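Trainee: First the structure, which I've put down as structure tokens, then a few questions once you've had a look.
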Amino acid sequence: DTGVSQDPRHKITKRGQNVTFRCDPISEHNRLYWYRQTLGQGPEFLTYFQNEAQLEKSRLLSDRFSAERPKGSFSTLEIQRTEQGDSAMYLCASSLTASANYGYTFGSGTRLTVV
Amino acid sequence: KQEVTQIPAALSVPEGENLVLNCSFTDSAIYNLQWFRQDPGKGLTSLLLIQSSQREQTSGRLNASLDKSSGRSTLYIAASQPGDSATYLCAGFYNQAGTALIFGKGTTLSVSS
């Protein structure tokens, strides 16, 4: 297992289009997190899953955003009707339960540019 | 409100210098703290995780400390190298479950040869 994988690395899309990102966590990690990072800022929490259950969503996650983790393995984050304000780096992380004791492992991120 | 602050926002040093990056947090109820490195346009690489029962952690040329009473953590980098140039982020866990990880904005370090 080589770590957390995210695909694609970069995505350029026109405003109003839908985009979907994928995250493959470390196989034995049951928790998966999505964060968003804009230029010059630290990552901000969007949502997290324990196995296949989505347990928490940030108020940053508007109705245009949806995340899934079918079968508790990989996860997808979809943004519908993209806006220029959605341009950011989308980071995925995974961890074992009791994450504070083990820390997070992040992927390389997907950079979204909405034009 | 739980906030994590990193000062300075940017730091430039010559190669070989020892340096300290600072991280402060508003809520002493922080559980653990994790330091990350981020290269331009890349994801986050974990450097050190300090648990609340520990005062410090060391990995190679890096040493991180945590003082909950003063609300501060420091990352010490010994004998800096140009390859250390990156943004360093600290993040606090505010519960054991690790579902509330609050990040600072980072300190961008530039080490010149």
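Trainee: Measure up A:LYS11/A:LYS57; A:LYS14/B:LYS1; B:LYS68/B:LYS105 against 27 Å on the Cα-Cα distance and list the ones that go over.
Mentor: A:LYS14/B:LYS1
Trainee: Can you tell me how much longer the chain between A:SER27 and A:GLN80 gets when fully stretched, taken as 0.36 nm per residue apart minus their C-alpha distance, in nm with one decimal?
Mentor: Using 0.36 nm per residue and subtracting the Cα-Cα distance, I get 16.2 nm.
Trainee: Assuming 0.36 nm per residue, please report the length gained on full extension of the stretch A:HIS10 to A:THR97 beyond their Cα-Cα distance.
Mentor: The A:HIS10-A:THR97 span can extend by a further 28.3 nm.
Trainee: Take the Cα pairs of the stretch A:20-115, get the Kirkwood Rh, then feed it into Stokes-Einstein at 25 °C and 0.890 mPa s and tell me D in µm²/s.
Mentor: Details: Rh = 13.5 Å.
The estimated diffusion coefficient comes to 182 µm²/s.
Trainee: Counting alpha carbon pairs within less than 8 Å and at least 6 residues apart, what relative contact order, in whole percent, applies to chain A?
Mentor: Relative CO of chain A lands at 37 percent.
Trainee: By a straight-distance test (C-alpha under 20 Å), which aspartates and glutamates pair with A:LYS71 as possible cross-link partners, with residues fewer than eight away in the same chain excluded?
Mentor: A:ASP1, A:ASP7, A:ASP24, A:GLU28, A:GLU52, A:GLU56
Trainee: Cα convex hull of the stretch A:31-78: mean projected area in nm², to one decimal?
Mentor: The Cα convex hull of the stretch A:31-78, projected and averaged over all directions, gives 3.5 nm².
Trainee: Hey, with R₀ at 25 Å, roughly what FRET efficiency would B:SER110 and B:GLU56 work out to, going by the Cβ-Cβ distance, to 0.05? The partial results should precede the final answer.
Mentor: Details: r = 25 Å, r/R0 = 1.02.
That pair, B:SER110 with B:GLU56, gives E of 0.45.
Trainee: With the cut-off at 1.5 for a/c, could you classify the stretch B:37-99 from its C-alpha gyration tensor as rounded, prolate or oblate? Don't jump to the answer; show the numbers that get you there.
Mentor: Working: a/c = 2.34, a/b = 1.39, b/c = 1.68.
Here the stretch B:37-99 falls in the oblate category.
Trainee: Calculated FRET efficiency, A:GLN17 and A:LEU39, Cβ-Cβ r, R0 22 Å, to nearest 0.05?
Mentor: E(calc), rounded to 0.05, equals 0.50.
Trainee: Suppose only helical runs count, i.e. DSSP H with n ≥ 4. What mean residue ellipticity at 222 nm does that imply for chain A under -39500 (n - 2.57) per run, divided by all residues and rounded to the nearest 500 deg cm²/dmol? Can you show the working numbers first?
Mentor: Values: 1 runs with 4 residues, N = 115.
Result for chain A: -500 deg cm²/dmol, rounded to the nearest 500.
Trainee: Still on this structure: Apply the Kirkwood formula to the protein assembly as shown: the hydrodynamic radius equals the inverse of the mean of 1/r over all pairs of different alpha-carbon atoms; give it in Å with one decimal.
Mentor: Taking the inverse mean of 1/r over all distinct Cα pairs, the protein assembly as shown comes out at 18.0 Å.
Trainee: Distance between the C-alpha centers of the stretch A:39-115 and the stretch B:19-36? Whole Å please.
Mentor: Using only Cα atoms to place each centre, the spacing works out to 23 Å.
Trainee: Still on this structure: What number, in percent, do you get for the relative contact order of the stretch B:54-100 if the mean sequence gap of Cα pairs under 8 Å and at least 6 apart is divided by its residue count?
Mentor: 22
Trainee: Based on the inverse mean of 1/r over its pairs of different Cα atoms, what is the Kirkwood hydrodynamic radius of chain B, in Å?
Mentor: With all distinct Cα pairs of chain B included, I get 14.0 Å.
Trainee: Let's test the formula: R0 of 30 Å, r as the Cβ-Cβ distance of A:GLU56 and A:THR2. What FRET efficiency results, to the nearest 0.05?
Mentor: Computed FRET efficiency for A:GLU56 and A:THR2: 0.65.
Here, each number is a calculation from the coordinates, and none is a lab measurement. Since the structure is predicted, the reported quantities are computational estimates derived from the model, not experimental observations. Virtual Cβ from ideal backbone geometry, glycine too; neighbours counted across all protein chains shown.
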